[in-house]
Structures are given as structure tokens and as C-alpha cells.
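One structure is given here, and the rest of the page talks about it.
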Amino acid sequence: MTEHLKIVVTDHVMHITMARPEKKNALTQAMYVAFGEALTRAESDPAVRAVLIDSEGDSFTAGNDIADFAAIATGARSRDEMRTHVFLEALARGTKPYVAAVNGLAVGVGVTMLMHCDVTYVAEDARLTTPFVNLAVVPEAASSWLIPARIGYARAFQLFAFGEPMDGKTAAAIGLVTAAFPAAEVRAKALAAAKALAAKPAGALQATKKLMRDSAAMLAVMAREGEVFGQRLRTAEAAEAFRAFAERRTPDFSKIQG
Ligand code: COA
């Protein structure tokens, strides 16, 4: 259990809220485990017919807690202690409808988890960033496959390689997410969508989602990405990236051989 993830079931909707606003909802290992377990519980609980994911504070999430990455990069912790996969695998296996409400910043896994949500409503001024390369690692959550599949290789490469933010309006226009709304409306729209989905014939909805998503293929991509991600975390490039984050400076990769 962690106080940083709030989980409530009302009116057949499991409402999951990332609640670590003082750290921009950066995801800790405990949060990944709680998130993954909640999604797994949603899957088997007949009272849950839709899942709504949102956040407290001014950000959706700043992504993986950088301190965890840094601990692996410096050898202080083993990658085996990481529990990210509990969350990612639950996302890939999920068959109930997931709705996401994104306000403010969505960084890294904050964007890649959206590729596993079925309805993604974002604030027009939300900022979606996938800075994996900037951090000297690689995309995860099967996003190396799912994002190009959704928006094409050219735009996906732009997102991954430059790691620059994309606003919510653009993300909706190119089909990365479902729709963009004024920030104040996003949560209400997402809740309405979750309730509407909860009222649909659950069997037909789940069968449709299963037909549209190749769970086994996504798990295979996640396994491949995870292997490379783990290797990358132990590179000199990653050590420099995380040191620079901690020291609040721009990393200098110029003297490091790839
Ligand atoms: N992991 C751990 N802590 C994080 C974090 C993360 N991913 N993102 C933000 N925080 C923390 C900051 O260290 C800061 O903590 P402090 O107040 O104890 O110093 C607090 O959250 C607020 O963040 P701050 O950087 O002051 O806010 P900002 O508005 O200037 O910038 C971000 C917000 C998200 C742009 C910036 O924090 C950032 O780049 N974070 C890293 C995002 C990232 O690379 N995630 C990994 C993706 S794979």
C-alpha cells in the first residue's frame, strides 16, 4: 500500500488517482505495484466495469522516479528490485476499458501508459514528453511499437529522439490521444466517459478491446524493451544523465562514446 495512489470504486468505475503532487506524481516502486495490483483487481472484480486514471495537483505524472533510475545507474540498487513490470504487464493484459484524464505534464511512462488507455482526454495545454533518449535510456511500455503505430514513424522518432513536449491539442490532432479539452473540463469529461463505458454491455466491450489489442505481442515488446532499458541504465551515458538531473544542469554527452 502507498498513500501516493488513491483507489476508489463507485458506480462500477474504479477511480485511480496518482497522488504525489509535491513530486509531480513521479511514480515510485510502491506506486507501480499498487497501480498494477489495482488493475489486476479491476480485471477480476465484476463490480468494476471501467477504470478511470487521473492525478492530483498540476501534473499528470513526471514519469518514473528519477532517484530509482539513478540508484541503478550507480549500482546502489539492483534492477531486479524494480517493480515497474507489475504495472506495465497489467496494462498489457487489461481487457476492461481504461479512461485517462491528463492535466499538465505527462512525462515518460505518463505518456506511454496512455497507449494502453482506451479513451485519453488531455488538457489542450497539457505537455506530453517522452525524454527517454535524453536520459540515455529507451522507450518502454511497448511504446517503441505502439507510438509509431499510432502516429507514424516520423512523428514518433521526433518525440523519442528530441524529447520535446507536445501540447495536448497537437496530440489530439495527430491521433496520439482521443481528444483535447480546456483544462478545467478534462476530469469531468473523463468521468462521464468512464460512466458511459460502465453502462455498455461489458462482455461485448471487453471482447472488442481484446480483438483490438494483441496482448501477447505487447508483452513480448515490453520484455525486449526492458532488456535494453536495463543495459542502458548501466552505461556512462545514463550515469551522466542522472547526475545532471540531480545537479540541475544540462548533461554533457559529448565525451562519452555510445
Ligand atoms: N522523479 C523524482 N522527482 C521528480 C521527478 C521525477 N521524475 N520529476 C519531478 N520531481 C521532483 C523534483 O525533483 C522536485 O523535487 P524537490 O521539490 O524536492 O526539489 C519536485 O518534483 C518538483 O519538480 P521541479 O523540477 O521543481 O518542477 P518543474 O516544474 O521545474 O519541472 C519537470 C517539472 C517534470 C519538467 C522536471 O521536474 C523534470 O524534468 N523531471 C524529470 C522528468 C523525467 O525525466 N522523468 C523520467 C521520464 S523516463
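The values are calculated or read from the model by the stated rules, or taken from the named source; none is laboratory data. Note that the coordinates shown come from a computational prediction; the quantities given were computed from them, not determined experimentally. We place every Cβ from the backbone using ideal geometry, glycine too, and count neighbours over all the protein chains shown. For accessibility, only protein heavy atoms count, side chains too; no ligands or nucleic acids. Shrake-Rupley method; radii C 1.70, N 1.55, O 1.52, S 1.80 Å.
Scan the range 36-49 and tell me whether some residue there is surrounded by 17 or more Cβ atoms within 10 Å (Cβ to Cβ) and touching a Ser or Thr at 6+ places or on another chain (Cβ under 8 Å). Outline the logic, then answer.
Keep residues of the range 36-49 that are surrounded by 17 or more Cβ atoms within 10 Å (Cβ to Cβ), which gives 36, 38-39, 42, 48-49.
Checking which are touching a Ser or Thr at 6+ places or on another chain (Cβ under 8 Å) leaves us with none.
No, the conditions are met nowhere in the range 36-49.
Kindly evaluate D118 against the criterion of being away from the ligand (no atom under 16 Å from the Cβ) and either touching a residue at least 12 places away in the same chain (Cβ under 8 Å) or within 24 Å of A220 (Cβ to Cβ) (or both). Working first, answer last.
Details: away from the ligand (no atom under 16 Å from the Cβ): yes; either touching a residue at least 12 places away in the same chain (Cβ under 8 Å) or within 24 Å of A220 (Cβ to Cβ) (or both): yes.
Against the criterion (away from the ligand (no atom under 16 Å from the Cβ) and either touching a residue at least 12 places away in the same chain (Cβ under 8 Å) or within 24 Å of A220 (Cβ to Cβ) (or both)), D118 qualifies.
Tell me whether the range 119-134 contains one or more residues that are surrounded by fewer than 23 Cβ atoms within 10 Å (Cβ to Cβ) and part of a helix (DSSP H, G or I). No, the range 119-134 has no match at all. Note on the range 147-181: residues that are under 21 Å from P97 (Cβ atoms) and either open to solvent by 30 Å² or more (accessible area, probe 1.4 Å) or away from the ligand (no atom under 16 Å from the Cβ) (or both) total 11.
Considering the conditions (1) buried (at least 24 other Cβ atoms within 10 Å of the Cβ); (2) closer than 21 Å to D214 by Cβ; (3) in contact (Cβ under 8 Å) with a residue 40 or more places away in the chain, T95 is excluded by exactly one of them, (1). With respect to T28, determine if the residue is open to solvent by 20 Å² or more (accessible area, probe 1.4 Å), hydroxyl-bearing (S, T, Y) and touching a residue at least 24 places away in the same chain (Cβ under 8 Å). When the stated conditions are applied, T28 passes them.
So which of S254, S215 is small (G, A, S) and more than 29 Å from L91 (Cβ to Cβ)? Even if it seems obvious, please write down each step before you answer.
Details: S215 fails: more than 29 Å from L91 (Cβ to Cβ).
Checking each option against the conditions leaves just S254.
Residues of the range 156-169 that are without any contact (Cβ under 8 Å) to a residue 60 or more places away in the chain, within 13 Å of V111 (Cβ to Cβ) and assigned to a helix (DSSP H, G or I): A156, L159, F160.
This table checks each residue for (1) farther than 23 Å from E56 by Cα; (2) touching a residue at least 40 places away in the same chain (Cβ under 8 Å); (3) of a type in the set (V, I, T).
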{"site": "N103", "(1), (2), (3)": "no, yes, no"}
{"site": "V107", "(1), (2), (3)": "no, yes, yes"}
{"site": "Y153", "(1), (2), (3)": "yes, no, no"}
{"site": "V186", "(1), (2), (3)": "no, yes, yes"}
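The residues of the range 223-252 that are within 15 Å of the ligand (Cβ to nearest atom), in contact (Cβ under 8 Å) with a residue 12 or more places away in the chain and touching an Asp or Glu at 6+ places or on another chain (Cβ under 9 Å), listed by number, are E225, G226, F229, E240, P251.
Taking the range 1-104 as the region of interest, the helices (runs of 4 or more DSSP H) fully inside it that hold 1 or more residues being of a type in the set (F, W, Y), more than 25 Å from A217 (Cα to Cα) and within 16 Å of the ligand (Cβ to nearest atom) are 66-73.
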